[in-house]
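The structure appears below as structure tokens.
FYI, it's all coordinate maths here, none of it is from the lab. Predicted model only: the values in this text are computed from it and were never measured. Cβ sites come from the backbone with ideal geometry, for glycine too, and all protein chains shown count toward neighbours.
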Amino acid sequence: MGWLNSDITAVGRRMYSNKAGEATADKLSVLGAAYPTDGWTNTTPVILQKTGRGLLHQPSHPLAILKELIFQQFPDFAYYDSLNPVVTTQQNFDSLGFSEDHPGRAKSDTYYINGDTLLRTHTSAHQLQLLKAGSSGDNVLLAQARNGHVAPANERFLVAADVYRRDEIDASHYPVFHQMEGVCTFARSEVNEQLRQTGKTGQTVEFSDSNPLQIEHTAAEASYLVEDMKRTMNNMVAAILARADGGQDGFPVRWIDASFPFTSPSWEMEVLFRGEWLEICGCGITRQSMMRNAGVPQRIGWAFGFGLERLAMLLFGVPDIRLFWSHDPRFAAQFSPGNISTFKPFSRHPPCTKDVSFWVSHAAPFHENDLMDLLRVTAGDLIEGTQLIDSFTHPASGRTSHCYRITYCSMDRNVTNEEINAIQDQVRAAMVAQLGVTLR
Ligand code: FA5
Ligand code: MG
């Protein structure tokens, strides 16, 4: 069922009252521009408010400090950090070769403004547009680079930006986060000349059936790109994490085969953090069809997309992703531009848990992400996490029941049981009204 247009409208009248986003019955306004709504609209007021926060442009914010550190590691790339988060489905999906039925397009995973427009789910949404701007000399777009002159025709660029996803709630997932895209292209003839000169005319890295070399690339070309990409990413992560407490030795890295519609082969990079492997980015060799569509068929290249919060959590020792959005001066006061300091937690406030059990309706499929959004709208950042603690299907009636445990905890104050009971009542009422479930 999810956020139907009527839900948005009802919520909109009550709750949209911020500078970043405002809604009327048939329009959503995001960052000053108005967009028509339709049956796809599922962007909530809580999310619209985040579009105006500009964390990457607050010089003392850890995410902005990290952004600048990464930019410094790539002195010959063009930097973009002010591209609008509202993009078309063409930019976010079609331009990257996402199939019509790719699960990433689902309303349950993406915040749509309307059927054609959405809040970007990744910085890759700008890849084709920026490659194209380089080849066609689109100065309006090229001028948005902070230092465009260092990378002629956008042959190499970085994009830092806020991205939006309907996702689970826990210490390392948040519906708004930040990514750093890197795209690096080479003249194919120069790569081959270099391969000839160095005698590296064969394959030097592993490819597999499930993570294949593109038929349009020679094994030597793809090997060259993979080695250059992994070396560049390793150097960057090592240089950044060397500045964290404990230094680079504390953070082993590994590569896991992955799959993205716009790269092949592809990997995810993981870092060992507090005993667990944490995925920090996706990457791969850019599909040659992208290069052709961008008007640069004679070039080949690679791309990566890092999650900035994940890296910042390692670098600054921030234990919970919600802290990056905190308005608490005790958070902000700990950081200053250009400095890496380890976060000193303010005292942890006691959590409060509440369970909710319900029957799922036969008529409306239950999507967990709809419950997550409902919780964010109703309880905001008081939600620390949720856990599905029980599920069963009744043998006679065929009805399914779920029980979720919701953990409420504030980052900056004590919550009272009374206050949480009142919120839990609102949550329960909203679940009946919006998700069509029957409470038990
Ligand atoms: C992507 O978004 C691809 N666009 C990455 C890419 C770029 C691949 C260029 C190839 C070439 P993925 O969905 O895995 O991939 O997200 C990339 C990173 O974003 C993750 O590794 C993680 O660090 C971060 N991330 C993903 N979801 C969340 C979330 N909900 N909260 C915080 N960080 C997240
Ligand atoms: Mg991933």
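Note on the range 264-303: among residues that are under 17 Å from F186 (Cα atoms) and of a type in the set (K, R), the one that is nearest to ligand 2 (Cβ to nearest atom) is R287. For the range 52-60, state whether one or more residues are buried (at least 20 other Cβ atoms within 10 Å of the Cβ) and under 29 Å from D38 (Cα atoms). No: zero hits. Taking the stated definitions as given, is L130 part of a helix (DSSP H, G or I), surrounded by fewer than 22 Cβ atoms within 10 Å (Cβ to Cβ) and free of Cβ contacts under 8 Å to residues at least 60 places away in the same chain? No: the conditions fail for L130. Looking across the range 307-339 at every residue that is touching a His at 6+ places or on another chain (Cβ under 9 Å) and within 16 Å of ligand 2 (Cβ to nearest atom), the one that is farthest from S60 (Cα to Cα) is identified as G307. I113 falls short on exactly one of the conditions (1) touching a residue at least 40 places away in the same chain (Cβ under 8 Å); (2) farther than 22 Å from F335 by Cα; (3) within 15 Å of the chain's Cα centre (by Cα), and that condition is (3). Residues in the range 87-106 that are within 16 Å of the chain's Cα centre (by Cα) and either charged (D, E, K, R) or loosely packed, with under 15 Cβ neighbours inside 10 Å (or both): P103, R105, A106.
Among the residues of the range 351-370, write down those that are part of a loop (DSSP other than H, G, I, E, B) and in contact (Cβ under 8 Å) with a residue 40 or more places away in the chain. Spell out the reasoning first.
Within the range 351-370, the subset part of a loop (DSSP other than H, G, I, E, B) is 351, 360-367.
If the condition is that a residue be part of a loop (DSSP other than H, G, I, E, B) and in contact (Cβ under 8 Å) with a residue 40 or more places away in the chain, then P351, V360, S361, A363, A364, P365, F366, H367 are the ones that fit.
Within the range 170-209, the set of residues being of a type in the set (S, T, N, Q), out of contact with any Cys (no Cβ under 9 Å at 6 or more places or on another chain) and within 16 Å of ligand 2 (Cβ to nearest atom) comprises just one member, S172.
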